[in-house]
Amino acid sequence: MASVRRQVIINRTADDVYAVIGDPVTIADWFPGMVNATVDGTTRIITTESGLPMAEEIVTNDAIQRRFQYRLAPGFIQDHLGTIDVFDLGDGRSLVAYSTDCEPAALALMIGGATGNALKELKRQLEEDQQPRR
Amino acid sequence: MRKILFVTTDQQRYDTLGCNGGTLARTPVVDALAAAGIRYERAIPQSVVCMPSRSTMLTGQYPSTHGVWMNGVPLPVDAPSVAADLHRAGYRTALIGKAHFEPFMDAFGRFTENLLARSGNETAQRPWADGTVGPHRGFDHLEFATHGAAGMLHYARWLGANHPEAVGMFYAAIDAGWNVSALGGGDTDAPQVTANPIPRDWYHTDWVADRTIAWLDGLDATDDWFCWMSFPDPHHPWDPPESEMHRILWKDTPLPAGYPTTAAERERILDDKPRHWRMWYDGDLVSNYEAPKHWVPATMTADQVREVNARNAVECELIDEALGRVLRAIDTRGWTDDVDIVFTTDHGELQGDFGLLFKGPYHTDSLMRLPLIWRPAPSAHIAPAVVTTPVGLVELAPTFCAIAGVDAPDYLQATALPIDDQDATDRDKERVLTEWDSELWGVGVHLRTITRNGWVCTTYRPGFVHNGNEGELYDLGADPLQHDNRWNDPAVAALQSDLVADLWDHQPQAHTPRLDVEAPV
């Protein structure tokens, strides 16, 4: 299984960042190329800009470790695990790592590219909005 | 002002044109342009894969500088663009066919060039390098195609809407594992080959010409225009309309000069090169996505080489005929005397050389010696010539500026193509640089190459199978097939040192930060 990791440092606290990451329905607000997301229990359905709906299973949403994990349902993707970790850098900033483990390998590059772009957008939004998230 | 028809093909070898000595495909249209214009005998890409090379054509910059260091890295939307400068100068601007400045694989619909096809809009307003907001990359009309009917581009949508029965006729270039397919077909079970029953006038080569003619027909007679007509062929898959295969029978097709006919000879030649060559041949290393992951070159038969070459040649003939139709349309509009025509491609194809197919980190003539013809507008009164001095595709953008009378923008890293060898000498044109960088699943390969004074010299940076001391050095005159690697030959040690020093002295500025790979291709 191929693995791609993207990361970004955000000038917001880890709690602020995880408040967004851990609210799974908000993903369409900060993930370019995703136009809609609905959540029902541990199932999230996202729809991409190209009109492709994809079902995901949320497998981890741990606000203490600040780890969010989900799997894209099998289909043209055989196996997938997306992991978003938010690390407290101790100075009001946080490190966000977004990993994609995927088979087929080629799709890890495509999904990983999109996640890298999403982290840039998440940083932009959070750094423009300096209000505490909660 | 002079108008510009910029014609590109994809992955076409120098020796596929009659004017360059090719004997397989008949290319009378391009041959006539060469006879009336300037034929470059050593035109060299700055990268031997599509996205970096095409980005160089558009930006007039080396891959290190524009930042598209391998396929899958999108050219930033606000990268420099010669089309933007021509648009600013009043030119109508179009790109019809294969662009590939942005990845095709785009499940999230993130890239403008994919979204335009879906929206049906001619262009989109995007920022330019200088902060101006204008049509995407400076093109006010964009219609895209690639090598088949899969995906979301204009040609695929057109075929699906008008001839849905033809969509499945093409070779499926990507397999179920999302790798470049190794599936064999045709008469010889050659990879990326299939018999395609599609009628010729539904095929993408004719579609690109049709759409180009339609765009030209919509212009006013007094418009100045820059049209990049970009054919997806003769890039694999080799699946031209089967109705045209009678032109060149594969069983009668000679083996290319670069194909060593015995395994022992192939292995001897490959073993004289840095070891990724032989490792790929044996199936021990696939360093780049563009090569089918599950195909082993050592299994290729001579008949497969013949069939691939025959199909490739048919595709070249169809391109030549399509170009002829466009030139007749231009003539009908009364524009011929004022139209500059530039014909080239983005990189070559191994096509049996060394017992290999496709492309990768292999800087020899198979991939680096390209067709390049410039037929200046007759009204410019530039004498026909043959240029033997090495030139690079990085010189195209400044050439378009010169044709249009636009001051050369600061971002350009080269000057216009020479109009003859004396012009090249007068302007100190002597070296051309080529780069390769790829990193795929921990396998990094990094080449830097200089072509100068009849020699081509490649150095290797440390990578997955290289320690940074490897190299290749070929005498292009004495060894036109690059079978004799002189890198370790003491007789040319001084020359090797000089070329390497020259190479490192002229490395282009690096784009910072390095851009991410965002898709396989």
A careful count of residues in segment A:16-54 that are touching a strand residue (DSSP E or B) at 6+ places or on another chain (Cβ under 8 Å) and more than 14 Å from every other protein chain (Cβ to nearest Cβ) gives 14
So which of B:LEU216, B:LEU255, B:LEU270 is surrounded by fewer than 21 Cβ atoms within 10 Å (Cβ to Cβ) and either in contact with a Pro (Cβ under 9 Å, 6 or more places away or on another chain) or among the hydrophobic types (A, V, I, L, M, F, W, C) (or both)?
-> B:LEU255
By residue number, the members of segment B:460-493 that are within 19 Å of B:VAL49 (Cβ to Cβ) and either among the small types (Gly, Ala, Ser) or touching a Gly at 6+ places or on another chain (Cβ under 7 Å) (or both) are B:TYR460, B:ARG461, B:GLY463, B:PHE464
Test: residue in segment B:445-458 that is of a type in the set (Gly, Ala, Ser), away from every other protein chain (no Cβ under 14 Å) and closer than 21 Å to B:HIS87 by Cα = no
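Per-residue answers, yes or no, for (1) over 23 Å from the mean Cα position of the chain (by Cα); (2) among the aromatic types (Phe, Trp, Tyr); (3) within 14 Å of chain A (Cβ to nearest Cβ):
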| residue | (1), (2), (3) |
| --- | --- |
| B:ASN179 | no, no, yes |
| B:GLY185 | yes, no, no |
| B:ASP210 | no, no, no |
| B:SER230 | no, no, no |
| B:ASP233 | no, no, no |
| B:PRO237 | no, no, no |
| B:MET245 | yes, no, no |
| B:THR253 | yes, no, no |
Looking at segment B:311-359, which of its residues are of a type in the set (S, T, N, Q) and either surrounded by 24 or more Cβ atoms within 10 Å (Cβ to Cβ) or not in a strand (DSSP E or B) (or both)?
-> B:ASN312, B:THR332, B:THR336, B:THR345, B:GLN351
Options B:ARG137, B:ARG118, B:ARG157: the member that is within 13 Å of another protein chain (Cβ to nearest Cβ), part of a helix (DSSP H, G or I) and at pLDDT 95 or above | B:ARG157
Can you tell me which residue in segment B:412-444 is farthest from the other protein chains (Cβ to nearest Cβ), limited to those that are more than 27 Å from B:ARG461 (Cα to Cα) and part of a loop (DSSP other than H, G, I, E, B)?
-> B:ASP420
With the condition kept exactly as written, say whether any residue in segment B:449-472 is touching a strand residue (DSSP E or B) at 6+ places or on another chain (Cβ under 7 Å), aromatic (Phe, Trp, Tyr) and closer than 22 Å to B:GLY355 by Cα.
-> no
Filter segment B:470-521 down to the residues that are of a type in the set (A, V, I, L, M, F, W, C) and within 14 Å of another protein chain (Cβ to nearest Cβ), then identify the one that is nearest to the chain's Cα centre (by Cα).
-> B:VAL521
Does B:GLY444 satisfy the criteria of being farther than 27 Å from B:TRP374 by Cα and small (Gly, Ala, Ser)?
-> yes
The condition from (1) hydroxyl-bearing (Ser, Thr, Tyr); (2) within 26 Å of B:SER47 (Cβ to Cβ); (3) free of Cβ contacts under 8 Å to residues at least 40 places away in the same chain that B:THR332 misses is numbered (2)
Can you name the condition, by its number, that B:ASP331 falls short on among (1) more than 14 Å from chain A (Cβ to nearest Cβ); (2) closer than 18 Å to B:HIS236 by Cβ?
-> (2)
Name the residues in segment A:86-120 that are closer than 20 Å to A:PRO32 by Cα, more than 15 Å from the chain's Cα centre (by Cα) and more than 14 Å from chain B (Cβ to nearest Cβ), would you?
-> none
Taking B:ASP282, is it in contact with a Lys or Arg (Cβ under 6 Å, 6 or more places away or on another chain), away from every other protein chain (no Cβ under 14 Å) and either surrounded by 15 or more Cβ atoms within 10 Å (Cβ to Cβ) or without any contact (Cβ under 8 Å) to a residue 24 or more places away in the chain (or both)?
-> no
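The values are calculated or read from the model by the stated rules, or taken from the named source; none is laboratory data. On a predicted model such as this, the values are computed, not experimentally measured, just so you know. Note that we place each Cβ from the backbone using ideal geometry, even for glycine, and neighbour counts take in every protein chain shown.
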